[in-house]
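Notes to accompany the following structure.
The values are calculated or read from the model by the stated rules, or taken from the named source; none is laboratory data. Bear in mind that the values here come from a model prediction, so they are computed numbers and not experimental data. We place every Cβ from the backbone using ideal geometry, glycine too, and count neighbours over all the protein chains shown.
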Amino acid sequence: MKEKTIEIPYIEYSSIEELSPRDKSLALDAIEAQKSSYAPYSKFNVGAAVLLENGTVVKGSNQENAATPSGLCAERTAMFSASANHPGVPMIAIAVAGGPDFSLCESPATPCGACRQVMAEYQKIGKKPMEVILCGSGKVLKFFNVEGVLPFIFDSI
């Protein structure tokens, strides 16, 4: 038996203002995307913005449905739209912003497991690390690749 430890490198910022211009712009796009959230049941609104290698930004927001789980998370909405409308263009970063009633949580809202796995798939397809930026009102977390938010990626291929 061997006991092992996983270390996850990331940067913690105290606000969006501390981010690089590129990351700040993407974070603000995620916050803007949050405004189109349809979340009448959970009242938890999430926005996501995906940055493609060609500089295009694709936004998405969570979309709920009375027939749960027929809705879709903001992250997957943005990534699926990016893939459908810009096939073959690698996704190099995603920013996520969420909170109750169109506000931001103090600590960043984190993606669900399904969204993390979809991020892993698109990172693999793009053959480039996808940075993950999680935005909160009290702090912002930046991970350098999807492994930072999903250490044991499912990859059966």
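This table checks each residue for (1) closer than 23 Å to residue 118 by Cβ; (2) part of a strand (DSSP E or B).
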{"residue": "12", "(1), (2)": "no, yes"}
{"residue": "23", "(1), (2)": "yes, no"}
{"residue": "55", "(1), (2)": "yes, no"}
{"residue": "60", "(1), (2)": "yes, yes"}
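So for region 91-99 (the condition being more than 13 Å from residue 52 (Cβ to Cβ), more than 13 Å from the chain's Cα centre (by Cα) and not charged (D, E, K, R)), does at least one residue qualify?
yes
Would you call residue 6 hydrophobic (A, V, I, L, M, F, W, C) and either within 22 Å of residue 147 (Cα to Cα) or without any contact (Cβ under 8 Å) to a residue 40 or more places away in the chain (or both)?
It is true that residue 6 is hydrophobic (A, V, I, L, M, F, W, C) and either within 22 Å of residue 147 (Cα to Cα) or without any contact (Cβ under 8 Å) to a residue 40 or more places away in the chain (or both).
Do we have residue 125 as surrounded by 18 or more Cβ atoms within 10 Å (Cβ to Cβ) and over 22 Å from residue 70 (Cα atoms) here?
Here the answer is no, as residue 125 does not meet what is asked.
Could you tell me how many of the residues in region 25-39 are in a helix (DSSP H, G or I) and either more than 17 Å from the chain's Cα centre (by Cα) or among the small types (Gly, Ala, Ser) (or both)? Steps first, answer last, please.
Here is the first cut: in region 25-39, the ones in a helix (DSSP H, G or I) are 25-34.
Filter once more, so that each one left must be either more than 17 Å from the chain's Cα centre (by Cα) or among the small types (Gly, Ala, Ser) (or both): 25, 27, 30, 33.
Within region 25-39, residues that are in a helix (DSSP H, G or I) and either more than 17 Å from the chain's Cα centre (by Cα) or among the small types (Gly, Ala, Ser) (or both) number 4.
Name every residue in region 32-80 that is within 24 Å of residue 136 (Cα to Cα) and of a type in the set (Ser, Thr, Tyr), in order of residue number.
If the condition is that a residue be within 24 Å of residue 136 (Cα to Cα) and of a type in the set (Ser, Thr, Tyr), then 36, 37, 38, 41, 42, 56, 61, 77 are the ones that fit.
Quick check on residue 99: is it of a type outside the set (A, V, I, L, M), out of contact with any Lys or Arg (no Cβ under 9 Å at 6 or more places or on another chain), surrounded by 13 or more Cβ atoms within 10 Å (Cβ to Cβ) and modelled with pLDDT of 95 or more? Before you say what the answer is, go through the steps one by one.
Working: of a type outside the set (A, V, I, L, M): yes; out of contact with any Lys or Arg (no Cβ under 9 Å at 6 or more places or on another chain): yes; surrounded by 13 or more Cβ atoms within 10 Å (Cβ to Cβ): yes; modelled with pLDDT of 95 or more: yes.
Considered against the rule, which asks whether it is of a type outside the set (A, V, I, L, M), out of contact with any Lys or Arg (no Cβ under 9 Å at 6 or more places or on another chain), surrounded by 13 or more Cβ atoms within 10 Å (Cβ to Cβ) and modelled with pLDDT of 95 or more, residue 99 comes out as yes.
Taking residue 120 as the residue in question, decide whether it is over 17 Å from residue 32 (Cβ atoms) and either among the hydroxyl-bearing types (Ser, Thr, Tyr) or surrounded by fewer than 15 Cβ atoms within 10 Å (Cβ to Cβ) (or both). If you could, list the steps in order and put the result at the bottom.
Values: over 17 Å from residue 32 (Cβ atoms): yes; either among the hydroxyl-bearing types (Ser, Thr, Tyr) or surrounded by fewer than 15 Cβ atoms within 10 Å (Cβ to Cβ) (or both): no.
So residue 120 fails the test.
Step by step: first the residues of region 53-84, then only those that are of a type in the set (D, E, K, R), surrounded by fewer than 22 Cβ atoms within 10 Å (Cβ to Cβ) and out of contact with any Ser or Thr (no Cβ under 8 Å at 6 or more places or on another chain), then the one that is nearest to residue 147 (Cα to Cα). Which residue is that?
Here the answer is 76.
Run residue 28 past the list (1) surrounded by 14 or more Cβ atoms within 10 Å (Cβ to Cβ); (2) touching a residue at least 24 places away in the same chain (Cβ under 8 Å) and report the number of the one that doesn't hold.
Going through the list (1) surrounded by 14 or more Cβ atoms within 10 Å (Cβ to Cβ); (2) touching a residue at least 24 places away in the same chain (Cβ under 8 Å), residue 28 breaks only (2).
Looking at residue 87 and the list (1) surrounded by fewer than 22 Cβ atoms within 10 Å (Cβ to Cβ); (2) touching a residue at least 12 places away in the same chain (Cβ under 8 Å); (3) not hydrophobic (A, V, I, L, M, F, W, C), which single condition is not satisfied?
It is condition (2) that residue 87 fails.
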